[in-house]
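See structure below.
The values are calculated or read from the model by the stated rules, or taken from the named source; none is laboratory data. Since this is a predicted model, take the numbers as computed values, not measurements. For neighbour counting, all protein chains shown are included, and Cβ atoms are generated from backbone atoms with ideal geometry for every residue, glycine included.
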Amino acid sequence: NSKKYILAIESSCDDTSAAVLSNAKVLSNVVATQEIHKQYGGVVPELASRAHQQNIVPVVHQALAKANIDKKQLSAIAFTRGPGLMGSLLVGTSFAKSLALGLDIPLIEVNHMEAHILAHFIEDADQTAPKFPFLGMTISGGHTQIVKVTDYFTMEVLGETLDDAVGEAFDKSAKLMGLPYPGGPLIDKYAKLGNPKAFPFPKPKVDGLNFSFSGLKTSILYFLQRETQKNPNFVEEHMNDICASVQHTILEILMDKLQLAVDQTGIKQIAIGGGVAANSGIRSRLREAEEKLGWQTFIPKFEYCTDNAAMIGIVGYLKFTKGKFTDQSIAAKARYAI
Ligand code: KG4
Ligand code: ZN
């Protein structure tokens, strides 16, 4: 049997996830999302690592059971080494190392940011992989990055955020409007009903392909303070227009940078990933770019966009075929560049 079964483990932030892949196909992808952080309006690192500790064993058991695979059939264990929260990464790293040692099978370390990009190569009827070279853009609550991808493991970061991630920009703006965390999906929902040009917000001036979102948050704060002084019900009365305007500004920033990346590299294949890829606005802007600019765009299935172990598993499988294994001396790495 030439099938390789890879168990993959992801614990970089606030989702504990385990997946089993049969070569490049996903047999199971279990994600335990930590609800505890909601009440704090953001991820609390200490609570995240404690929850990983509680979740990891049942999540791995579930992934094996759903895949109908016995642990003795596993070919290797892949895990997220970084980047992420150190306390969270330590749980997955230690677990993966111990299990690989116990089963006496190879261990494969995976860079979480590479995994967001290589998620496009999961074999699934509902998604298509881009061809090399392409531009990868990872947009989530933790990351905002544009990467030139020449081959599976030949990637160059062209630009990234200097402060907040794009998902944070959505969530923090939503919080200023009194919306619950995470506010990104709510902004998306209300934006559909509003006028994107109602309230113009300034776009940050950042050279090259880097991003900055902290200035936008500040200008929204001042704008809302000014308007609610005049009319205490301003936010409730203009929720749709405010959301549409905020979303429009964020999308302009993303699309401007993508356009610049296309101009600089001559590459028109764009593969996006991360939780913000769910945004209906970015999806329609990308479709528009396909029609008007001849771009080809790719979005993985949503469960492979947000943090998940299946994307760690595809990298594990690709590394397995290339003999890229790791030994037991490996340590988690909170800051881990592509
Ligand atoms: O990838 P993800 O689940 O977790 C990480 O941050 O790694 O991404 C979550 C982020 C949150 O900031 C959330 O508000 C944002 O993705 N998000 C959205 C939408 N759905 C999720 N932002 C805008 N529009 C959406 N529809
Ligand atoms: Zn992520």
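Conditions (1) away from ligand 2 (no atom under 16 Å from the Cβ); (2) under 28 Å from ILE270 (Cα atoms), marked per residue:
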site	(1), (2)
SER11	no, yes
VAL26	yes, yes
LYS66	yes, no
ILE69	yes, no
LEU107	yes, no
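In this structure, does VAL262 turn out to be out of contact with any Asp or Glu (no Cβ under 9 Å at 6 or more places or on another chain), within 21 Å of HIS120 (Cα to Cα) and either part of a loop (DSSP other than H, G, I, E, B) or not hydroxyl-bearing (Ser, Thr, Tyr) (or both)?
Values: out of contact with any Asp or Glu (no Cβ under 9 Å at 6 or more places or on another chain): yes; within 21 Å of HIS120 (Cα to Cα): yes; either part of a loop (DSSP other than H, G, I, E, B) or not hydroxyl-bearing (Ser, Thr, Tyr) (or both): yes.
So VAL262 fits the description; yes.
What is the one condition in (1) within 15 Å of ligand 1 (Cβ to nearest atom); (2) over 18 Å from ILE312 (Cβ atoms); (3) part of a helix (DSSP H, G or I) that MET113 does not satisfy?
Of everything listed in (1) within 15 Å of ligand 1 (Cβ to nearest atom); (2) over 18 Å from ILE312 (Cβ atoms); (3) part of a helix (DSSP H, G or I), MET113 misses just condition (2).
Among the residues of region 183-197 satisfying the criterion of being without any contact (Cβ under 8 Å) to a residue 60 or more places away in the chain and not in a helix (DSSP H, G or I), which is farthest from ASN240 (Cα to Cα)? So that I can check it myself, show each step before the final result.
So in region 183-197, the residues without any contact (Cβ under 8 Å) to a residue 60 or more places away in the chain come out as 183, 186, 189-190, 193-197.
Those still in the list that are not in a helix (DSSP H, G or I) too: 183, 193-197.
Numbers: GLY183: 13, LEU193: 6, GLY194: 4, ASN195: 7, PRO196: 9, LYS197: 11 Å.
Top of the filtered list is GLY183.
Limited to region 134-188, what total is found for residues that are under 17 Å from the mean Cα position of the chain (by Cα), of a type in the set (Gly, Ala, Ser) and over 15 Å from THR265 (Cα atoms)?
Looking only at that region, the number is 8.
Can you find a residue that is in contact with a Cys (Cβ under 9 Å, 6 or more places away or on another chain) and either buried (at least 17 other Cβ atoms within 10 Å of the Cβ) or modelled with pLDDT of 95 or more (or both) anywhere in region 49-60? Before the answer, list the steps.
At the first step, the residues of region 49-60 found to be in contact with a Cys (Cβ under 9 Å, 6 or more places away or on another chain) are none.
No, region 49-60 contains no residue that is in contact with a Cys (Cβ under 9 Å, 6 or more places away or on another chain) and either buried (at least 17 other Cβ atoms within 10 Å of the Cβ) or modelled with pLDDT of 95 or more (or both).
Return the residues of region 117-167 that are within 22 Å of ALA278 (Cα to Cα), within 16 Å of ligand 2 (Cβ to nearest atom) and in a strand (DSSP E or B); say none if nothing qualifies.
Hits for region 117-167 are GLY136, MET137, THR138, ILE139, THR144, GLN145, ILE146, VAL147, GLU160, THR161.
The conditions are (1) over 20 Å from ILE36 (Cβ atoms); (2) assigned to a loop (DSSP other than H, G, I, E, B); (3) within 16 Å of ligand 2 (Cβ to nearest atom), and PHE170 fails exactly one of them. Which is it?
Of everything listed in (1) over 20 Å from ILE36 (Cβ atoms); (2) assigned to a loop (DSSP other than H, G, I, E, B); (3) within 16 Å of ligand 2 (Cβ to nearest atom), PHE170 misses just condition (2).
Using beta carbons and a limit of 8 Å, which pairs, at least six apart or on different chains, have the first residue in region 275-297 and in the same structural domain as LYS192 (by TED's automatic domain parsing) and within 16 Å of ligand 1 (Cβ to nearest atom) and the second one part of a strand (DSSP E or B) and of a type in the set (A, V, I, L, M)?
If the second residue must be part of a strand (DSSP E or B) and of a type in the set (A, V, I, L, M), the pairs left are GLY275/ILE139; VAL276/ILE139; ALA277/ILE139; ILE282/ILE139; ILE282/ILE272; LEU286/ILE270; LEU286/ILE272.
Exactly one of these conditions fails for ILE270: (1) out of contact with any strand residue (DSSP E or B) (no Cβ under 9 Å at 6 or more places or on another chain); (2) touching a residue at least 40 places away in the same chain (Cβ under 8 Å); (3) under 25 Å from VAL206 (Cα atoms). Give me its number.
Going through (1) out of contact with any strand residue (DSSP E or B) (no Cβ under 9 Å at 6 or more places or on another chain); (2) touching a residue at least 40 places away in the same chain (Cβ under 8 Å); (3) under 25 Å from VAL206 (Cα atoms) one by one, ILE270 breaks only (1).
List every residue pair whose Cβ atoms lie under 8 Å apart, where the two residues are 6 or more positions apart in sequence or sit on different chains, the first residue falls within region 82-110 and is in the same structural domain as MET311 (by TED's automatic domain parsing) and touching a residue at least 40 places away in the same chain (Cβ under 8 Å), and the second residue, located anywhere, is among the acidic types (Asp, Glu) and in a strand (DSSP E or B).
Taking only residues 6 or more apart or on different chains, the pairs are GLY92/GLU10.
Rundown of residues vs (1) surrounded by fewer than 18 Cβ atoms within 10 Å (Cβ to Cβ); (2) at pLDDT below 95; (3) assigned to a helix (DSSP H, G or I), yes/no style:
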position: LYS205; (1), (2), (3): yes, yes, no
position: TYR222; (1), (2), (3): yes, no, yes
position: MET239; (1), (2), (3): no, no, yes
position: CYS243; (1), (2), (3): no, no, yes
position: HIS248; (1), (2), (3): no, no, yes
position: MET255; (1), (2), (3): yes, no, yes
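In region 253-261, is there at least one residue being within 13 Å of ligand 1 (Cβ to nearest atom) and touching a helix residue (DSSP H, G or I) at 6+ places or on another chain (Cβ under 9 Å)?
Narrowing region 253-261 to residues within 13 Å of ligand 1 (Cβ to nearest atom): 254.
Imposing the further condition that a residue be touching a helix residue (DSSP H, G or I) at 6+ places or on another chain (Cβ under 9 Å) reduces the set to 254.
Yes: one or more hits.
Quick check on my filter: what residues within region 152-174 are among the β-branched types (Val, Ile, Thr) and surrounded by fewer than 17 Cβ atoms within 10 Å (Cβ to Cβ)?
Step one: of region 152-174, the residues among the β-branched types (Val, Ile, Thr) are 154, 157, 161, 166.
Selection gives THR154, VAL157.
Within region 296-338, can you find the residues that are hydrophobic (A, V, I, L, M, F, W, C), within 16 Å of ligand 2 (Cβ to nearest atom) and in a loop (DSSP other than H, G, I, E, B)? Before you say what the answer is, go through the steps one by one.
Quick first cut of region 296-338, residues hydrophobic (A, V, I, L, M, F, W, C) only: 298-299, 302, 305, 309-312, 314-315, 318, 320, 325, 330-332, 334, 337-338.
Now narrow it down to the ones that are within 16 Å of ligand 2 (Cβ to nearest atom): 299, 302, 305, 309-312, 314-315, 332, 334, 337-338.
Passing the criteria: ILE299, CYS305, ALA309, ALA332, ALA334, ALA337, ILE338.
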